[in-house]
Every structure is written in structure tokens, then in C-alpha cells.
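Remarks on the structure that follows.
The values are calculated or read from the model by the stated rules, or taken from the named source; none is laboratory data. Given the structure is predicted, the values throughout are model-derived calculations rather than measurements. When we count neighbours, we look across all protein chains shown, and the Cβ atoms used for this are built from the backbone with ideal geometry, even at glycine.
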Amino acid sequence: MRRKLLVLLETGLVLAGLLLGASAWKINSALEQPLNITQEELLDVLSGSTPSGTFNRLEADGVLQDTFWLRLYWRFNLAAQPLHSGEYRMLPGMSAQGLIGLWQRGEVVQYSLTLVEGWNFRQVRAALAKNDKLEQTLAGLSDSDVMNKLGHAGVFPEGRFFPDTYRFVRGMTDADLLEKAYERLDDVLAKEWSKRSPDAPYTEPYQALIMASLVEKETGVPQERGQIAGVFVRRMQIGMLLQTDPTVIYGLGERYNGKLTRAHLKEPTPYNTYMIAGLPPTPIAMVGREAIHAALNPVSGSSLYFVARGDGSHVFSDDLDAHNSAVREFQIKRRADYRSSPAPANGAATPDTQAPIAPASPDTAPEARPQLLPSQPAPAPAPSADEPQSSQ
């Protein structure tokens, strides 16, 4: 009897070994099989998907075979490995094991969206809405509703998002990306505020953000940002109006058609710095780190005026006579290839079409010295239209 038991045990062990060997061979064959595709395809793994369900889907689509063995492999070897949602790039010649490796590493396909310095919030929303890789959740919402959805109720959206290239995966929402840009702006502004010049005249970071938006819209040559910020700060310190065209354009909203007239400069809006003293109530555009740094570290000097040369740079003047002379030379008698910003490096220059506007005299400034006041609830102007950079 003992001999029979030993024989049965040996037989069982041999059969188990053969079964295990056969299973290992089947699993290895299933892992080494190439994906049945002839061109690159994207596998969209939705949130909550399981490896078993995804293997079944691939088998139903004819991409893989013998997925029972693949499910078995995952269960015994990768049970604790999460399957990240997103898109996975499947290439001709890739094996099932190669695809599983992508899942293990979470190598989902990433997309990018660039938010550009100087854009207003309407342009930001348009860029988000045009991106079909983002899940759209903001369509039909007002700007204030968007801020409520982001958890920032009562915050005016203009200038509150950081311009940068943001990477995202399929399934990320437009609100998710906006929140990343909002947090990034807060982080950059806080860091720059901590390094501000002791001469910076602001009582809170939001005022610096407003000033940075003016600098962003006025600057064609990056190295002039600090100088332009210096002009604006000095004007405020001596009671001059800022008189910067981009604020007028922003206040006109969608009524701006690319032509700025003298009538526009006299039109009272909360943003017309030819009419109001000090800063406008809110930023007028998104700003980069360099503009924020310039606003918080204005270059010292004596210039109170600047006018665009036509190549993106400016002529800075200390007094009105010198400024008017520069206006006559570079604005009234502007060349055919005049530009308020530098020409693209890879293409021919396209002349600006906006007619020059001679700056108003600083003698029109009120006698009372304008103060940098804490921010107040923003008015609700029409969103700013697309505009070229202008010169002061």
C-alpha cells in the first residue's frame, strides 16, 4: 500500500510539474505574442478600468489572443500594481509584455497646451475649448461661475492664471488645467513678492500683479520690462496719470476693432488710465515671471515717457519735449515696416496697422497725488478683445 501511495505521489508531482511547465510555456507565449495591429493605435483606459477587463477588450478587438494566460500572469505577479487611466501608445511589433510594461510604468500619452503671456481670460477660455483632448466642463458657464467651480468664488479671473506650457493626459478636465495654472500663478507671485525691492510701492501682491500686466502688454523687448515698470512707478509717485493704451483697449472690450482713437482715450471706463489716477482695478492680461519680477523691482532712473521705435524697443525720455520729439520721429513719421514688437525670427515683418496716438500731456493729471490702494471688487467690463501691443 505504501508503495502505491508513493507511486501516486510521484505521478501527481510529475503531472503537476508538467502542468506548471505547460502553464509557464502558455503564459510566456501569450506575453511574447505581438499585438495584432498594422499601425500605431491608442488604447484608452478609462478611470476604474481593470487589467482583466482591458485584456478582454483587447481580445474582443482582435489585438491579443489567449488573454486568459495574461490575466493569470497579472493576478499572480502584478496584483498590487494599479492600472493608471489614460491613453497608451500601441505600436506595430510591440508584444503583450511590452504593453504590460507600459501599464506598469504608467507611461500614458501626454498632451500639452500653452497659455501665452499677454492673453486675456477670454482667449484662455477659447484655447481650452478648442482642445479636444481635454474633457470640457466649463462650456456655457460665466466667468464668475468658472471661478466658483474652481473654488475661488468672488475672485476676478483676469490675470490670475500663469502662462506656461501645461502637460496633461486624456481624461483631465479644462477645470483641472485651469486650477494648475491658478496655483502656479499664486506660487510664482508669492516667491517674487518675497524678493521684491524695498522701493516697490505696493501694499499687497495683487497690486504688483496689476502693474505686471501693464508691463507685459507694453513690452516688446524683454530687457526693457524693468525700465517700463520704473516709468510707471515714477509717474504714480509724482501724481502723473499712467496713460497706457492697453488699459484703454481692455476697457473697450469687444468694441475694440484694432484702431485706437482720441475719442477712446477720453471715454470714461474703470480701465482708462488716461482718465483714472493710479492703477486700474484688475490686471488686464496674464503675466509671466519676468513681468512680475520687473513690477516688483522697477529700474531706477528719471525717465517718465517711452515711445516705440518700431522694432519692438522703446525710446525713453525724461521730459515732455524730448518725448514729443521721439513721437514725431518714431510714431508720426513711422516707417512702412513699423512694429510695436520684434519681428518673428522665422518670417518677414508684418507692419502694424494701428494709427499712432500722441500721448496726452501729464499736465492733465489731478492735483491730488494718486495712491496705490488695496484692491477692491472688480467691475464687470466686457472681456478684452484681441489686441496688438501698443506703445506709450
All-but-one check, ALA126 against (1) touching a residue at least 24 places away in the same chain (Cβ under 8 Å); (2) under 30 Å from ARG89 (Cα atoms); (3) exposed (fewer than 14 other Cβ atoms within 10 Å of the Cβ), failing number (1)
Checking LEU209, LEU252 in turn, the sole residue that is surrounded by fewer than 22 Cβ atoms within 10 Å (Cβ to Cβ), touching a helix residue (DSSP H, G or I) at 6+ places or on another chain (Cβ under 9 Å) and either outside any loop (DSSP other than H, G, I, E, B) or modelled with pLDDT of 95 or more (or both) turns out to be LEU252
Go through THR247, THR219 for me and flag whichever is touching a Ser or Thr at 6+ places or on another chain (Cβ under 6 Å) and surrounded by 24 or more Cβ atoms within 10 Å (Cβ to Cβ).
THR247
Being assigned to a loop (DSSP other than H, G, I, E, B) and either modelled with pLDDT under 95 or surrounded by 14 or more Cβ atoms within 10 Å (Cβ to Cβ) (or both) is the requirement here; does VAL63 meet it?
yes
So ILE238 passes all but one of these: (1) buried (at least 21 other Cβ atoms within 10 Å of the Cβ); (2) in contact (Cβ under 8 Å) with a residue 60 or more places away in the chain; (3) aliphatic (A, V, I, L, M). Which condition number does it fail?
(1)
For the stretch 258-273, give me each residue that is without any contact (Cβ under 8 Å) to a residue 12 or more places away in the chain and either in contact with a strand residue (DSSP E or B) (Cβ under 9 Å, 6 or more places away or on another chain) or assigned to a loop (DSSP other than H, G, I, E, B) (or both).
LYS266, PRO268
Which condition from (1) part of a helix (DSSP H, G or I); (2) within 30 Å of ILE284 (Cβ to Cβ) is the one that ARG71 breaks?
(2)
Taking interchain pairs and intrachain pairs at least six residues apart, which have beta carbon atoms under 6 angstrom, with the first residue in the stretch 50-63 and more than 11 Å from TRP74 (Cβ to Cβ) and the second part of a helix (DSSP H, G or I)?
GLU59/THR67
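Here's the yes/no breakdown for (1) of a type in the set (Val, Ile, Thr); (2) over 21 Å from HIS323 (Cβ atoms); (3) not assigned by TED's automatic domain parsing to the domain that holds VAL124:
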site: ARG225; (1), (2), (3): no, no, yes
site: PHE232; (1), (2), (3): no, no, yes
site: GLN243; (1), (2), (3): no, no, yes
site: LYS259; (1), (2), (3): no, yes, yes
site: ALA263; (1), (2), (3): no, yes, yes
site: PRO270; (1), (2), (3): no, yes, yes
site: ALA277; (1), (2), (3): no, no, yes
site: THR282; (1), (2), (3): yes, yes, yes
For residues in the stretch 74-108 being in a loop (DSSP other than H, G, I, E, B), without any contact (Cβ under 8 Å) to a residue 40 or more places away in the chain and within 32 Å of the chain's Cα centre (by Cα), which is nearest to ALA30 (Cα to Cα)?
LEU83
